[in-house]
Amino acid sequence: MSLKLLDTVPDFTQQSTAGPLNFYEWAGTDWVLLFSHPKDFTPVCTTELGAVARLKPEFDRRGVKVIGLSVDPVESHHAWARDIAETQQAELNFPLIADKDRRVAGLLGLIHPNASDTATVRTVFVIDPAKRVRLTLTYPASTGRNFAEILRAIDSIQLTEQHKVATPADWRHGEDVIILPSVGDEEAKALFPDGWTAHKPYLRTVKQPQGA
């Protein structure tokens, strides 16, 4: 199975560092960041887990629950967590799925045979409250993930979920956004009464909507 944008993530129950975990029950009605690792005690992933642990308040602020996945057993995960705390100065503060039988990796399409027949690739899923995939990123083993960019993308996805706008290249929270081409000028006047800048008929920028 290969999950694509707006596909529904299948439910599963698997062991984790937080005990047996049913994904749908754990996620509830929140957004979710799920990110996978090829195995425990890998150097790049050690830094990534530490980075996410430090950033957890930022994910919490956005209503996003964080969960990791690695194909080793839960006892190994707990030992790895001690290394993460020692080397990254950050305690593991979110569940890490123990996917020893690779069942979840199979459900989520995380085994890429050209990369490895046994190890999961390093993928990020952003999942909405309806359990749909809203973003997916897959990295090579040698390249650490940029979680500041993932937070930026979450800001964009959540903003554009609420308002009829899109975000331009390199956009950051608080900067101008783009009015969707599907919104005519008359509707735009009602939605954006303070006006906008029309660079072209199809490219209209406006201040980020208030409260977003």
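What the table shows:
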{"quantity": "The one condition in (1) more than 13 Å from Phe35 (Cβ to Cβ); (2) modelled with pLDDT of 95 or more that Thr118 fails to fulfil", "calculated": "(2)"}
{"quantity": "Within segment 24-41, tally of residues that are under 14 Å from Gly68 (Cα atoms) and without any contact (Cβ under 8 Å) to a residue 40 or more places away in the chain", "calculated": "0"}
{"quantity": "Among the residues listed as Thr138, Thr143, Thr123, the single one being among the polar types (S, T, N, Q), under 12 Å from the mean Cα position of the chain (by Cα), under 16 Å from Pro38 (Cβ atoms) and surrounded by fewer than 18 Cβ atoms within 10 Å (Cβ to Cβ)", "calculated": "Thr138"}
{"quantity": "Qualifying residue in segment 151-171 (condition: among the charged types (D, E, K, R) and more than 26 Å from Ala27 (Cβ to Cβ))", "calculated": "yes"}
{"quantity": "Selection from segment 196-212 of residues that are in contact (Cβ under 8 Å) with a residue 24 or more places away in the chain and part of a loop (DSSP other than H, G, I, E, B)", "calculated": "Lys207, Gln208, Pro209, Ala212"}
{"quantity": "Segment 160-200 - residue that is among the basic types (Lys, Arg) and more than 19 Å from Ile150 (Cβ to Cβ) and, of those, surrounded by the fewest Cβ atoms within 10 Å (Cβ to Cβ)", "calculated": "Lys200"}
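The values are calculated or read from the model by the stated rules, or taken from the named source; none is laboratory data. The model shown is predicted, which means the values in this text are computed figures rather than measured ones. When we count neighbours, we look across all protein chains shown, and the Cβ atoms used for this are built from the backbone with ideal geometry, even at glycine.
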